[in-house]
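The next block holds one structure in the form of structure tokens; read it before the comments.
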Amino acid sequence: MAVKIRLKRMGKKKQPTYRVVVADGRSPRDGRFIEVIGRYDPRQEPSVVEIDNDKALDWLHKGAQPTDPVRKLLEISGAWSRFKVAKGEIHTVPSRPAPAKTEPQPAPEPVAPVADVAVEPVAPVADVAVEPVEPVADVTVEPVETEESSA
């Protein structure tokens, strides 16, 4: 039996809301389903996407195939990326552990200013004349033959 995760249309005329359901692929769009795992309301601003990620992951691991609109909704809810990480298709880098809480250290004692220290001024650098360098002319570069280019 091919199991699909898809949308089931609900609501009145021209006022659609959808349920995200797990159903047999052979059943009609609004027909029998196995389980409801969420809902989608595109008419609200912003759109409402409520999906039980644990149930969705369970069905994805069992082999249920989401339709394209449902896959987008799973990406929004975060279930699709969790599924890809669990499957090994996305590699994550573990974050650094939080630093251990330590007791605050007492503030260091203020240092007394240093007095009676003579500071000698630095002598200025003498003017240095820099001569310009002449560009090199008439240089030719010959290609080097390798085994690949000669074959």
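Readers should treat all values here as calculations from the given coordinates under stated rules, not as data from a laboratory. Treat the numbers as computed from the prediction; the structure is a model and nothing was measured. Note that each Cβ is placed from the backbone with ideal geometry, even for glycine, and that neighbours are counted across all protein chains shown.
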If HIS61, HIS91 are placed from fewest to most neighbouring beta carbons inside 10 Å, the sequence is HIS91, HIS61
Computed over the Cα atoms of the range 10-54, the Rg and Dmax in Å are 11.6, 34
Footprinting proxy, ARG29, ARG82: sorted fewest to most Cβ within 10 Å, the residues are ARG29, ARG82
Residues LYS62, LYS101, LYS55 in order from fewest to most other beta-carbon atoms within 10 Å are LYS101, LYS62, LYS55
Filtered hits (lysines, Cα-Cα < 21 Å from LYS87, offset >= 8 within chain) -> LYS4, LYS55, LYS62, LYS72
